[in-house]
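The structure appears below as structure tokens.
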Amino acid sequence: MAGRERRQVKRTGNLFEAICSWENLELAARRARRGKRYRRYAEEFELRRETILGRLREELLEGRWRPSPPRTFTLFDPKERVICAPPYRDRIVHHALCNVIGPVLDRSMVAQSYSCRVGKGTGAARDECRRLARTRRYVLKLDVRKYFPSIDHERLKVKVRRLIKCAPTLTLIDLVIDAWDSGDEGRFWFPGDTLFTPCERRHGLPIGSLTSQLFANLYLSRIDHLVIEQLRPAGYVRYTDDLLLFSDSKAALHSARARLAEELRAERLLPHPSKCRVHACREGVPFLGFRFFPDGVRVLRQNRLRFERRMACLRRRMAADHREWTKVWPSMFGWFQFVREQPGGEGLVAAECRRQRF
């Protein structure tokens, strides 16, 4: 276990009043509405905003709030994922909770963790990967197998309790965590388990929930500290469950790979069987939609092909009904913004523009 977890950590208390304050609930409602202003459920909420927020605050203060069943649907692009969309009232509670506990949990995380953090994000993670790919010879790329479905509830609650000691806040967090179970997905056996252990332990965080990103970052925080404080690679980047360790020593990275596989099993996680390897940076480092080389950056081929298939489908629909053109431009604009994040994407932008005939 990393030294940071063995050391006594000062826990934070007295958070529940801040979570339930009217100002925080108003802020949570505004953040939940972002990008959804004209959705029917958002408009219906705005018509009775103060009444709903007042009742929600009473339920939280009296301990009567319970999560409602989410709406789930499956996406198959690029791979099959079950997406969970909590009801609008629950989203407000999630925002209110994250507004307060987010900074508390964030203080325990290393600077090299980039997912869904203020001042970090995909752009900063790609920039750091690009810099390290230029300056180091080898990289260990490690992905966690079925990360969100595999997160163990009991271990996650222990990690939260190392940082927070406010009893009502912990009760609310437990309700949010226990509202979802991945069932057979993400169910694996580990040394010391009996036949029924994986069935007895609740596991999984819903993809699509705001709190899931925060808890997913926290769950691997111990691994981050172990990498930084004990393994000490020349460079390290983590985005959710994508870990990159850079070094000029191939042997050191192979040793780190074996150690991390052992530590992941201690967290009841498994490394992805086909996405965990040590290779030279000159072969390209696939990360967050791009492949980073020492002398340049390319968009991953599967991302480019997926976009081209989607645009071809939209063009066919537009040929049958010209009103469909309104759906083409937003998709193109999103692609342009994506490829322009790194140098060298102008050719892909020009190629797609030539294909369009409005």
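Tabulated values for the structure
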| read-out | value |
| --- | --- |
| Ellipsoid equivalent to the stretch 194-246 - semi-axes via the Cα gyration tensor, in Å | 27, 17, 9 |
| Integer Hz, Karplus 6.51/-1.76/1.60 couplings in order for the stretch 289-305, x for Gly and Pro | x, 10, 10, 9, 10, x, 10, x, 9, 10, 6, 4, 4, 5, 5, 5, 5 |
| Net charge of Cβ neighbours under 14 Å - reference residue 213; Lys, Arg +1; Asp, Glu -1 | +2 |
| Net dipole in debye of the stretch 243-318 [+1 Lys, Arg Cβ; -1 Asp, Glu Cβ; about Cα centre; nearest 20] | 740 |
| Simple spin-label estimate for residue 305 and residue 184 in nanometres, 7 Å along Cα-Cβ | 2.9 |
| Cut-off 11 Å, label 7 Å out along Cα→Cβ of residue 175, residues of the stretch 56-72 by amide N | 56-68 |
| Protein accessible area in the chain, 1.4 Å probe - carbon and sulfur % | 50 |
| Count of lysine pairs in the chain with Cα separation under 22 Å (8 or more residues apart, or interchain) | 15 |
| Residue 229/residue 277 FRET efficiency (R0 22 Å; Cβ-Cβ; nearest 0.05) | 0.35 |
| Solvent-accessible area per residue, Å², over the stretch 151-303 with all protein chains present [probe radius 1.4 Å] | 42 |
| Relative contact order, percent, the stretch 39-148 [alpha-carbon distance under 8 Å, six or more residues apart] | 13 |
| From phi via Karplus (6.51, -1.76, 1.60), per-residue ³J(HN,Hα) for the stretch 180-186 in Hz, x at Gly/Pro | 9, 9, 7, x, 6, 5, x |
| Rel. contact order, % - alpha carbon contacts under 8 angstrom, at least six apart, the chain | 21 |
| Sum of side-chain charges, residue 30 neighbourhood, beta-carbon under 14 Å (Lys, Arg +1; Asp, Glu -1) | +3 |
| The stretch 25-157: equivalent-ellipsoid semi-axes (sqrt of 5 x gyration tensor eigenvalues, Cα, Å) | 34, 18, 17 |
| Convex hull volume per residue in cubic angstrom - Cα atoms of the chain | 155 |
| Computed FRET value (nearest 0.05) for residue 76 with residue 312, which takes r as the C-beta separation and R₀ as 22 Å | 0.85 |
| The chain - charge dipole about Cα centre, Lys and Arg +1 at Cβ, Asp and Glu -1, debye rounded to 20 | 1060 |
| Fully extended contour minus Cα-Cα distance, from residue 193 to residue 50, at 0.36 nm per residue | 46.5 nm |
| Contour excess over end-to-end distance, with Cα ends at residue 58 and residue 110 and 0.36 nm allotted per residue | 15.1 nm |
| Residue 11 versus residue 293: modelled label distance in nm, points set 7 Å from Cα along the beta carbon direction | 5.3 |
| Cβ-Cβ FRET estimate between residue 39 and residue 254, R0 fixed at 51 Å, reported to 0.05 | 0.55 |
| Relative contact order of the stretch 60-99, pairs being alpha-carbon contacts under 8 Å that are 6 or more residues apart, as % | 32 |
| The stretch 23-74 - convex hull of alpha carbons, volume per residue in Å³ | 103 |
| Antiparallel %, DSSP beta bridges [both residues in the chain], to 5 | 90 |
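The values are calculated or read from the model by the stated rules, or taken from the named source; none is laboratory data. None of these values were measured; they are calculated from a predicted model. Glycine gets a Cβ as well: all are built from the backbone with ideal geometry, and neighbour counts include every protein chain shown. Please note that ligands, DNA and RNA were not included when accessible areas were found on the heavy atoms of the full protein model with its side chains. Shrake-Rupley method; radii C 1.70, N 1.55, O 1.52, S 1.80 Å.
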